[in-house]
Amino acid sequence: MFFFKGATETKIDEKNRFVLPQQMRYGFVEHGELTFTIGLGLGGCLTVYKSSDVDGIARRFQKRQHDARYRKFFTLFFSTLHPSSCDKLGRVVIPSVLKKAAQIKSEIVVAGVLNKVEIWPKETYSLDLEGFLKGQDVGLSKMMEEAFLILDEGEEDRVDLTPEQQAEYQNI
């Protein structure tokens, strides 16, 4: 089973390009082609999705496209998706609108996260990691504990988060 993992620090060049690590590039190859989609992610990062995953997301969201409570989210999410690929050197261009939205300056962390890759401003990623390692982020520690408990659960034992818990975790 393939999943994205690991993190790499890199720099953005003057043309808004960075080198996608080779092991991550392999994970985006589908039907013999290296393509993917970059868009806004949760918590202030950018997210790089497999093309097939974006197709699946669109199919599932399409059922709710006329639901007024999701209108603004759908507009922002889908209008900021940018199909992309790498050049021969493995470089990827970050669209200016996404670079600005994620407040990326010159250094980033490219992090593998299961079925996607996240692009974080280095400062943000480093602060989050440092706070977690020093035990300063109690909410994240609690979330980690709960996430590992999922491994012990059967699908029938799964507990969904209450709206209050979802809101709390969105703020973390």
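In table form, for the structure just shown:
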item	result
Among the candidates Gly27, Gly32, residue that is out of contact with any Cys (no Cβ under 9 Å at 6 or more places or on another chain), over 22 Å from Ser126 (Cα atoms) and in contact (Cβ under 8 Å) with a residue 12 or more places away in the chain	Gly27
Some residue of region 42-60 being aliphatic (A, V, I, L, M), within 25 Å of Thr124 (Cα to Cα) and either in contact with a Leu (Cβ under 6 Å, 6 or more places away or on another chain) or not assigned by TED's automatic domain parsing to the domain that holds Leu98 (or both)	yes
Residues within region 25-36 that are among the polar types (S, T, N, Q) and within 14 Å of the chain's Cα centre (by Cα), tallied	0
Yes/no for Gly131 being in the same structural domain as Val29 (by TED's automatic domain parsing) and modelled with pLDDT under 85	yes
Test result for Phe74, modelled with pLDDT under 95, assigned by TED's automatic domain parsing to the domain that holds Glu14 and aromatic (Phe, Trp, Tyr)	yes
Flag if Thr124 is among the polar types (S, T, N, Q) and free of Cβ contacts under 8 Å to residues at least 24 places away in the same chain	no
Test result for Gly39, within 14 Å of the chain's Cα centre (by Cα), assigned by TED's automatic domain parsing to the domain that holds Leu127, touching a residue at least 40 places away in the same chain (Cβ under 8 Å) and closer than 23 Å to Glu130 by Cα	no
Identity of the residue in region 32-90, out of contact with any strand residue (DSSP E or B) (no Cβ under 7 Å at 6 or more places or on another chain) and assigned to a strand (DSSP E or B), that ends up surrounded by the most Cβ atoms within 10 Å (Cβ to Cβ)	Leu34
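The values are calculated or read from the model by the stated rules, or taken from the named source; none is laboratory data. Source: prediction; values computed, not measured. Reconstructed Cβ throughout: ideal geometry from the backbone, glycine too, with neighbour counts over all protein chains shown.
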